[in-house]
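Quick note: the coordinates plus some simple rules give every number you see, no bench work behind them. Predicted model, so just to flag it, every value in this text is computed and none were measured. Cβ sites come from the backbone with ideal geometry, for glycine too, and all protein chains shown count toward neighbours.
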Amino acid sequence: MTSEMTETQDLAAKIAKLPKAELHLHLEGSIRPETVSLLGERRGIQISPESAAARYEYTDFLGFLDAFKWAVGYLKDPEDYALVTHRLADELLAQNVIYAEVTIAAGVMIRQGQSVEANFAAIYEVGQRYREKGLRLAWIFDATRQFGGDAAVKVATIAAKLQRDDVLAFGLGGDELSVKTANFRAAYDLARGHGLHAVAHAGEIGGPEMIREAVEMLGAERIGHGIAAIRDLRYADQLAALRIPLEICPTSNVRTGALARQLDKPSADISDHPLREIVERGVTVVLSTDDPAMFHTDLLAEYGHAIALGLTESQIVRMMEASFSYGFLPPAEKRPLIEKFRSSARELGLI
Ligand SMILES: [Zn+2]
């Protein structure tokens, strides 16, 4: 074994030991095929884990959105949401994730005629139970872009009401190319006016101008993906100066075809990912999984990709700390988590 390989394994082992945070993670994208099968069973629908897994294969972004819609179709009531929250929380704990901001597709719940309040009460209750196990969960309510501005206002209104239950931010996901950013101003104004933080998916399949719009029109404080920034390095420098982090999810970018699209290539794999270039440009990055079940990944695998892409130990440690410091918890709650991370990093000789 070469010493380089040993070093890599050593770093991966230290990352596994460190307490971690994750900021870009969709509850509905965390539903593993076995869980879809179980949810189907509750409704008398036979679906084997194998056929559920087959639905999680796609070649482009719209194919992915279809699969997402299909899996979400099995979430019918609060008990279903409680089940998937449990399973996600167990997976996070198994990876030593101690803090996660989980995005909930409230816009989809409304569209399906469900009660966001009832579903969220079940989700929140599960989250509370995991606090004593050492996992702190907070929530982001996300509107679906293709449902339009009025639907987004409804999501922002409910998110504002549920702030006391750790709903910290309002966001926007879905098909970036469907509805213009300006249509979401009212929803974001409302959310921010009530003290919620603002995030948005931008520059995932859209161009760098989408990131600029999310920052300037919507007041986004963190950008979901934002890999289009590599197509406008001057704007990337601005993001660096503004300290607006990009929530980068390498496996997601490969699996949805977003990376190939941004690179203007017929296909792309992880080794083509510009994560290192973005970090070296000085842009703050927080590494995430996006939809771990749908992309067959987890947070440790994403850090493995960061190592393989050539990020240095100190770059990775800084990125890991950023996932705590750029979280939206109030400073008094955030500080002990950061301290916990730093003291483990010190013990492992990383800082
Ligand atoms: Zn996402």
Dipole axis of the chain (+1 Lys, Arg; -1 Asp, Glu on Cβ), positive-most option in Pro266, Gly40, Thr144: Thr144
Between region 286-317 and region 143-194, the Cα center-to-center distance that results, in Å: 28 Å
Paramagnetic reach from Leu177 (point 7 Å along Cα→Cβ, amide N under 16 Å) across region 204-219: 204-211
Residue order, fewest to most surrounding Cβ atoms within 10 angstrom, among Lys76, Lys180, Lys154, Lys20: Lys180, Lys76, Lys154, Lys20
Dimensions (Å) - the chain, Cα atoms, principal axes, largest first: 56, 46, 40
For region 3-344, with +1 on Lys and Arg beta carbons and -1 on Asp and Glu, the positive-most of Ser252, Val72, Gln128 along the dipole: Gln128
Over 32 Å (Cα to Cα) - which of Lys154/Lys340; Lys20/Lys180; Lys180/Lys265; Lys76/Lys180 fall in this group: Lys154/Lys340; Lys20/Lys180
Estimated [θ] at 222 nm from DSSP helical runs (n ≥ 4, -39500 (n - 2.57)) normalised by residues in the chain, nearest 500: -15500 deg cm²/dmol
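Quote the relative contact order of region 3-344 in percent (integer), defining contacts as alpha-carbon pairs under 8 Å separated by 6+ residues.
Over region 3-344, the number comes to 19 percent.
To the nearest 20 debye, what charge dipole does the chain have about its Cα centre, counting +1 at the Cβ of each Lys and Arg and -1 at the Cβ of each Asp and Glu?
Around 740 debye, computed over the chain.
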Alpha carbon centroid spacing (whole Å) that separates region 241-273 from region 17-91: 23 Å
Per-pair calculated FRET efficiency, R0 = 35 Å: Arg276 and Ala118 via Cβ, rounded to 0.05: 0.20
Debye, to nearest 20: dipole size of region 74-207, +1 on Lys, Arg Cβ, -1 on Asp, Glu Cβ: 280 debye
Ranking of His194, His24, His201 by count of other Cβ atoms within 10 Å, fewest first: His194, His201, His24
Environment charge of Glu313, counting only residues whose C-beta is closer than 9 Å and scoring Lys/Arg +1, Asp/Glu -1: 0
Signed unit charges on C-beta, dipole axis of the chain, positive-most listed residue Ala94, His26, Val155: Val155
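Rank these for me by crowding, Met5, Met320, Met294, Met217, going from fewest to most other beta carbons within 10 Å. Numbers along the way, then the final one.
Details: Met5 9, Met320 22, Met294 27, Met217 16.
The fewest-first ordering by Cβ neighbours comes to Met5, Met217, Met320, Met294.
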Cα-centred dipole magnitude for region 238-348, charges only on beta-carbon of K, R (+1) and D, E (-1), debye, nearest 20: 320 debye
Exposed-loop-free span, longest in the chain, where GluC sites (Glu not before Pro) count as exposed if DSSP calls them loop and at most 14 other C-beta atoms lie within 10 Å: 133-351
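For the pair Lys76 and Asp189, what calculated FRET efficiency results from E = 1/(1 + (r/R0)^6), where r is the Cβ-Cβ distance and R0 = 41 Å, to the nearest 0.05?
It comes to 0.80.
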